[in-house]
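Working notes for the structure below.
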Amino acid sequence: MTERPLEEHWTPPGDQPYDLRRSLGVLRRGPYDPAFRADADGSLWRATRTPDGPATLRLRQGADGTVRAVCWGPGAGWVLERLPELLGGADDPSAFVPRHRVVAEAWRRHRGLRLVRTGQVLETLVPCVLEQRVTTEDAHRSWRLLVRRFGEPAPGAPELYVPPGARALVRVPSWEWHRAGVDGKRSAAIVRAARVARRMEEAAAMELPAAIARLCAVDGIGPWTAAETLQRSNGAADAVTVGDLHLPGLIGYALTGVRGADDARMLELLEPYAGQRYRAARLILLSGIAPARRAPRQRHARIARL
């Protein structure tokens, strides 16, 4: 690490608990994400591409709750200027009121959870598009291959990679998408979004309905992808995910003990949390309550092998 880094500190407001790893964990795309790393000493590393250039951020929380941030690269100033939002400093969990015993218990155990806000829409959108209609394992593999192939070594931490920007994504050849296991519909959606990257980034400053409409204006991006993106880029507490294969069943079972809930039933159960439905859904998932698996996990043929 030869570059001179910038440093900043952030202390959670008031006496509220704060869980750095749990809060930022939603930004990690699998255990081998080349743009995100968690060390045994509690440090978190994140490589990102900012309007000012690439940056590598290292975060570590002290015993008093204060987070020490060290950042390398041309984009270091941009990242540290927005550090409180990234860590969830703009999130207001006081507005959340548990309405179910399961949610209340999860909230008690995870009071340090905050909804993070990256402020970077396209970089957050790409892995969400990759997760459309495939297993999480396959999506993480695609992300890993694309970042290593078309990203660049992260400043200050060359073992990490900065994800490719809009210009690089537009130039990815069709055979490279295929090699990464990405079908034509998903790659086309990513390329279309990259071509209007400025319009995508404007969604970071929009209210949730307008931001969803902006993302869904791109062919191939629907409500599922928009919600998954805005949960992370905007810290949108009410961006509940609809159209997911597993989420309605998990939420329905955790809250009622009954299998087979669909989107309509999930939204009905989450109605008491209007304005905070994404936070409620995260807490329900953190409860760990899920129905027993009835069949082996489904395996899919990898596109790159076809």
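The values are calculated or read from the model by the stated rules, or taken from the named source; none is laboratory data. A quick note: this is a predicted structure, and the numbers were derived from the prediction, not measured. So basically every Cβ, Gly included, is an ideal-geometry build from the backbone, and we count neighbours across all protein chains shown. These accessible areas exclude ligands, DNA and RNA; they are computed on the full protein's heavy atoms, side chains included. Shrake-Rupley method; radii C 1.70, N 1.55, O 1.52, S 1.80 Å.
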Using the Kirkwood radius built from alpha carbon pairs, what does the Stokes-Einstein equation give as D for segment 1-154 at 37 °C and 0.692 mPa s, in µm² per second?
196
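Using the per-residue mean of other Cβ atoms lying within 10 Å as a proxy for protection, in what order, highest first, do the peptides 192-198, 273-279 fall?
Values: 192-198: 17.6, 273-279: 19.7.
Answer by packing, highest mean first, reads 273-279, 192-198.
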Determine the relative contact order of segment 163-241: mean sequence separation of Cα pairs under 8 Å and six or more apart, normalised by residue count, in whole percent.
23
Just the number, please: carbon plus sulfur as a percent of the accessible area of segment 150-301, 1.4 Å probe, no ligands or DNA/RNA counted.
53
Kirkwood estimate for segment 41-125, i.e. one over the average of 1/r between Cα atoms, Å:
14.6
Which residues does a label at ALA38 reach in segment 272-288, if reach means a backbone N under 14 Å from a point 7 Å past the Cα toward the Cβ?
286
Just to confirm, what accessible area per residue do you get for segment 230-290 at 1.4 Å probe, in whole Å²?
40
The chain, relative contact order [Cα under 8 Å, separation at least 6], %
18
How high is the relative contact order of segment 153-306, in percent, counting Cα pairs under 8 Å that sit 6 or more residues apart?
18
Which entry is the computed Rg/Rh (Cα atoms, Kirkwood Rh) for this structure: (i) 0.92; (ii) 0.95; (iii) 1.11?
(ii)
On a C-alpha basis, how far is the centre of segment 155-218 from the centre of segment 1-70 in Å? Whole number, if you could?
23
If each DSSP helix of 4+ residues adds -39,500 (n - 2.57) and the sum is divided by the residues in the chain, what number results at 222 nm, nearest 500 deg cm²/dmol?
-11500 deg cm²/dmol
HIS246 to ARG195: FRET efficiency via 1/(1 + (r/R0)^6), r the Cβ-Cβ distance, R0 45 Å, to the nearest 0.05?
0.90
Describe numerically, in nm with one decimal, the distance between label points set 7 Å from Cα along Cα→Cβ at ALA274 and at ARG179.
5.1
